[in-house]
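Single-structure report; data block below.
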Amino acid sequence: MAMLWLMLVGLSVVCQGHPGIQIQDLDDELYTEVRDLLNKHATHRAPANALSRPKEVVGWPRPLPHLGQVTGVAVNSRGQPVIFHRGPRVWDTSCFNASHHFQHVAEGPIAVSTVLTLEPETGAVIGDWGRNLFYMPHGITLNAEDNVWLTDVALHQVFKFRPGETFPALTLGEPFSPGDGPTRLCQPTAVAVASSGQAFVADGNCNHRVLMLSPRGRLIRLIPLPSEFLSLQVPHGLALIEALDLLCIADRENMRVACPRAGLVPYMSAQPVSIQAADLGRVFGVVAVGGLVYAVNGPTSLQIPVRGFTLDPRSETAIDRWGPSAGFRSPHGIAISPNGTAMYVTEIGPNKVWKFSLAGGGVQ
Ligand SMILES: *[C@@H]1O[C@H](CO)[C@@H](O)[C@H](O)[C@H]1NC(C)=O
Ligand SMILES: *[C@@H]1O[C@H](CO)[C@@H](O)[C@H](O)[C@H]1NC(C)=O
């Protein structure tokens, strides 16, 4: 654990140019306290109850698949979890230099299958691809048509693959070339795709921005715009709440989930939301279902347990905390099945996938 923590701290130094831990100052603490107090009296908050709490599916998966760091998970239209993992490759401090260039290009792409489809009842591997394509897998997203969006932090690229294809239908960014202009990315972490086909790319570990793209990959706008008064520190996961026109961002180093207006509905002026809690810590993954946001944090400080959170965007509070009985160590990815009955959480050390059952999409 100590080793892992050191590694993560080391990583942040290499990859973001500043330490990964932020100490909240007193003003922030006071603000949080006052807000919590106000929220206690809010009448519109959703209750935490048995419906919204993810319940661990004990003994899943069996047999255990052999996995590298499992950075991402998504669920396809048939309810099968699809995971993105790093095989034998491990992100350590030797991987990137101060200008975010990947230092092990000569080792070639990962030779094993990096994308695995699992059987939802047993967890057995029922499909695999993604050999010799990726250098440092990160995020995976599937849309309703089962197009697969993958991000690679070493390539500094994002790819869209049509179902069953291994040649990308769309590629964003320049291979191994980090940058912050309109055509380059820097360690992109995640993608969210709207039902209209517009996509959001979290970019990422060094640019601290989100790109909104047309269905064909043309840049529509950047988030945040200067007028949005929003500053992100490592946007690490994305979840759309289309009904509210909000894009919820795991704003990792700011230790919150920030949900600015997505901008999918031109005439809707959604009120931006910022969800914080004293114990939220560094938020690695987010997913939204039934008007609620589920999030997982990662190692932050000894005082902040690593676990899952149920967040209510309406009251901007954490309404529940949850996790497997053995506890999470270093969760990274989170996804919910299309019918809202299963949730999957992946970890990057020990490398594993957890399944939770949800009683049909939470509270609504
Ligand atoms: C949800 O999807 C899973 C996997 O496809 C299926 O086994 C289950 O019966 C579905 N549940 C409901 C309530 O539709
Ligand atoms: C990082 O490595 C790349 C080549 O991989 C090199 O072009 C670049 O100058 C290096 N940056 C620094 C700050 O050393």
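The values are calculated or read from the model by the stated rules, or taken from the named source; none is laboratory data. Treat the numbers as computed from the prediction; the structure is a model and nothing was measured. Cβ: placed from backbone, ideal geometry, glycine included. Neighbour counts: every protein chain shown. With ligands, DNA and RNA removed, areas are computed over all heavy atoms of the protein, side chains included. Shrake-Rupley method; radii C 1.70, N 1.55, O 1.52, S 1.80 Å.
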Among the residues of the range 314-351, which ones are at pLDDT 95 or above and of a type in the set (D, E, K, R)? GLU316, ASP320, ARG321, ARG329, GLU347
Quickly run through the range 192-210 and pick out the residues that are assigned to a strand (DSSP E or B) and either at pLDDT below 95 or open to solvent by less than 10 Å² (accessible area, probe 1.4 Å) (or both). ALA192, ALA199, PHE200, VAL201, ALA202, ASP203, VAL210
Among strands (runs of 3 or more DSSP E) entirely within the range 259-364, at least 3 residues that are closer than 19 Å to LEU64 by Cα, away from ligand 2 (no atom under 16 Å from the Cβ) and under 15 Å from the mean Cα position of the chain (by Cα) occur in 331-336, 342-348
Residue list for the range 56-97, restricted to those being among the polar types (S, T, N, Q) and within 16 Å of ligand 2 (Cβ to nearest atom): THR93, SER94, ASN97
Cβ-Cβ under 8 Å pairs, at least 6 apart or on other chains, the range 314-342 side closer than 12 Å to VAL293 by Cβ and of a type in the set (Gly, Ala, Ser), far side in a loop (DSSP other than H, G, I, E, B) and open to solvent by 20 Å² or more (accessible area, probe 1.4 Å): SER315/ALA42; SER315/HIS44; SER315/ARG45; ALA318/ASP279
Condition met for THR71 (in contact with a His (Cβ under 6 Å, 6 or more places away or on another chain), modelled with pLDDT of 95 or more and open to solvent by less than 60 Å² (accessible area, probe 1.4 Å)): yes
Taking the range 100-123 and keeping residues exposed (fewer than 15 other Cβ atoms within 10 Å of the Cβ) and within 16 Å of ligand 1 (Cβ to nearest atom) leaves GLU119, GLU121, THR122
Can you confirm whether GLY127 is assigned to a strand (DSSP E or B) and within 16 Å of ligand 1 (Cβ to nearest atom)? yes
Scan (1) among the hydrophobic types (A, V, I, L, M, F, W, C); (2) outside any strand (DSSP E or B); (3) more than 16 Å from ligand 1 (Cβ to nearest atom) for the single condition TRP149 breaks and write down its number. (2)
For the range 258-316, name all the residues that are touching a Gly at 6+ places or on another chain (Cβ under 9 Å) and of a type in the set (Ser, Thr, Tyr). TYR294, THR300, SER301, THR310
If I filter the range 235-251 for residues that are in contact with a helix residue (DSSP H, G or I) (Cβ under 8 Å, 6 or more places away or on another chain) and open to solvent by 30 Å² or more (accessible area, probe 1.4 Å), do I get at least one hit? no
Subset of the range 50-82, residues under 19 Å from ASN132 (Cβ atoms) and within 16 Å of ligand 1 (Cβ to nearest atom), comes to VAL82
